[in-house]
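Colleague: Starting off with a structure, shown below.
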Amino acid sequence: MTQELGRVERPSTESFQGKRKLFLVPHLYKPSADADEGNTILQRYWDQIQSQVASLESGLGWIKHIYHEGLTEGGEKAVAYLEAIDQRCHTFVQAKTQAGATLEATEDEVVLGEILDLQRCLMLPFTSNTVGTKLQEWFTDGVRRRYEHISNRIDQTLGENGVGLLMINERHQVQFPADVEIFFVAPPALDEFRRWLDGWIAKQQDADTESTQGDEPSEEPEPGK
């Protein structure tokens, strides 16, 4: 069962006594371009995440295990890796680890490497449809194995009556263990960021279209005119 914080009453300890709990936080990715508005919304998002997670913890217990997509190892090395790729996420995670939570290894390094390499290959044009089909099948199988591994890691490490938090993209395909209660953390800034990102992408596409049209050669006048 999945519950969305903000659309249900704060859960009570008694309601979920003896159950494993997992707080699901969408991990948002901002384009690398300098975008002040996007940065402002993301900061607001993480501020709201901290507030809502704290509310969950007050009713269900403190987070003891943190899972983040892309991490093939846990502990201090993983915390340092997050600092290099996402400062806002790192600040949040570091506070939780200092409070006693463990940042777990979440991904299988070999499977994750396969997927990343296949993504690059699938961006190329293919002369043979057979090659493209085979690569897509390989990629699909890799994605299945990836999310299966993440589910197994949660199942193996969360522990009896444990409380954990998973940060992962919104399009994930993780099938969670049946005895784990999922709480989807969806602060108001989540929809705000989605709208901003859709608008930013649309502007980039319009700019690319205008640039392409501007590169087209102008019509040459006919001789004698």
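Colleague: Could you list all residues from the range 36-62 that are part of a helix (DSSP H, G or I), farther than 15 Å from MET167 by Cβ and not hydroxyl-bearing (Ser, Thr, Tyr)? Full working, then the answer.
Modeller: First, the residues of the range 36-62 that are part of a helix (DSSP H, G or I): 36-60.
Remaining after also requiring farther than 15 Å from MET167 by Cβ: 36-41, 43-44, 47, 51, 54-55, 57-60.
Answer for the range 36-62, where residues must be part of a helix (DSSP H, G or I), farther than 15 Å from MET167 by Cβ and not hydroxyl-bearing (Ser, Thr, Tyr): ASP36, GLU37, GLY38, ASN39, ILE41, GLN43, ARG44, ASP47, ALA54, GLU57, GLY59, LEU60.
Colleague: Checking GLY61 against (1) more than 30 Å from LEU135 (Cα to Cα); (2) touching a Gly at 6+ places or on another chain (Cβ under 6 Å); (3) modelled with pLDDT under 95, only one condition comes out false. Which one?
Modeller: Against the list (1) more than 30 Å from LEU135 (Cα to Cα); (2) touching a Gly at 6+ places or on another chain (Cβ under 6 Å); (3) modelled with pLDDT under 95, GLY61 comes up short only on (2).
Colleague: Here's something else I'd like to know. Looking for something under 30 Å from GLY162 (Cα atoms) and modelled with pLDDT of 95 or more - is there at least one such residue anywhere in the range 115-125?
Modeller: Initial filter on the range 115-125 (under 30 Å from GLY162 (Cα atoms)): none.
No: the range 115-125 contains no residue that is under 30 Å from GLY162 (Cα atoms) and modelled with pLDDT of 95 or more.
Colleague: Can you work out which of the residues in the range 135-175 that are more than 15 Å from LYS21 (Cα to Cα) and among the charged types (D, E, K, R) is least open to solvent (accessible area, probe 1.4 Å)?
Modeller: Ranking the qualifying residues of the range 135-175, first place goes to ARG146.
Colleague: Next question, about the same structure. Filter the range 158-189 for residues that are out of contact with any strand residue (DSSP E or B) (no Cβ under 6 Å at 6 or more places or on another chain) and not in a loop (DSSP other than H, G, I, E, B); which is nearest to LYS96 (Cα to Cα)?
Modeller: Going through the qualifying residues, I end up with ILE168.
Colleague: Any chance you could count how many residues in the range 62-95 are more than 16 Å from ILE154 (Cβ to Cβ) and either in contact with a strand residue (DSSP E or B) (Cβ under 7 Å, 6 or more places away or on another chain) or surrounded by 15 or more Cβ atoms within 10 Å (Cβ to Cβ) (or both)?
Modeller: Residues meeting the conditions: 12.
Colleague: Does GLU148 qualify as being modelled with pLDDT of 90 or more and not in a helix (DSSP H, G or I)? Steps first, answer last, please.
Modeller: Working: modelled with pLDDT of 90 or more: yes; not in a helix (DSSP H, G or I): no.
No.
Let's see how each residue does on (1) farther than 17 Å from ARG194 by Cα; (2) touching a Ser or Thr at 6+ places or on another chain (Cβ under 9 Å); (3) of a type in the set (Asp, Glu):
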| position | (1), (2), (3) |
| --- | --- |
| ASP36 | no, no, yes |
| THR40 | no, no, no |
| ILE49 | no, no, no |
| LEU56 | yes, no, no |
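Colleague: Sticking with this one: Please count how many residues of the range 102-134 are surrounded by 11 or more Cβ atoms within 10 Å (Cβ to Cβ), over 20 Å from the mean Cα position of the chain (by Cα) and either closer than 19 Å to HIS68 by Cβ or among the hydrophobic types (A, V, I, L, M, F, W, C) (or both).
Modeller: Selection size over the range 102-134: 4.
The values are calculated or read from the model by the stated rules, or taken from the named source; none is laboratory data. If you're wondering where the values come from, they're calculated on a predicted model, not measured in any experiment. Neighbour counts are summed over all protein chains in view; Cβ atoms, including those assigned to glycine, are modelled from backbone coordinates with ideal geometry. Protein only, heavy atoms only, side chains kept; ligands, DNA and RNA dropped before computing areas. Shrake-Rupley method; radii C 1.70, N 1.55, O 1.52, S 1.80 Å.
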